[in-house]
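Let me begin by presenting the structure, written as structure tokens, before commenting on it.
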Amino acid sequence: MSQYCFDYKDRIRRTKALMQKFGLDFIIITNIQNLYWLSGTAQYGVLLLSEKEKPTLFVRRNYFKAQEETYLENLVELEKTSQIKEFILKLKNSLDDLTIGMELDSLPASFFLYYK
């Protein structure tokens with residue numbers, strides 16, 4: 001049986017190149033298909049990308065399954081969504097003047113309003 005090999009690291013690299021092109025400091029990925037496409041796991045959570053930091057996957061459910069499936073090194077068990085904001089604040093000390101991208105084509109309005 002042949003096994004498919006996906007180059008997730010190249011996908012992250014290309015996504016970061018787009019971030020740089022559009023002047024984004026961070027991008028928040030919540031769509032399950034995009035999470036899988038970039039991380040190799042479809043566990044419910046949030047992927048946070050920044051141009052300079054390693055990708056961080058915040059996993060809400062099935063943390064241990066996500067550990068088995070993803071190649072990513074930075075995994076955080078997500079207990080509350082505010083952890084993402086706290087994580088960004090540790091990196092940048094302030095949310096002022098940050099440009100954060102989101103998948104607006106598939107993001108529920110309630111999520112957008114919360115993150116805003």
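Note on segment 41-112: semi-axes of the ellipsoid equivalent to its C-alpha gyration tensor, largest first and rounded to whole Å, are 21, 16, 12. Seen against the Cα atoms of the chain and their longest principal axis, helix 8-21 is set at about 20 degrees. Per-residue Karplus couplings for segment 39-53, computed as 6.51 cos²θ - 1.76 cosθ + 1.60 with θ equal to phi - 60°, are listed in order as 10, x, 10, 10, 6, 5, x, 9, 9, 10, 10, 9, 5, 9, 8 Hz, Gly and Pro entered as x.
FYI, it's all coordinate maths here, none of it is from the lab. Small disclaimer: the values here were computed from a predicted structure and weren't measured.
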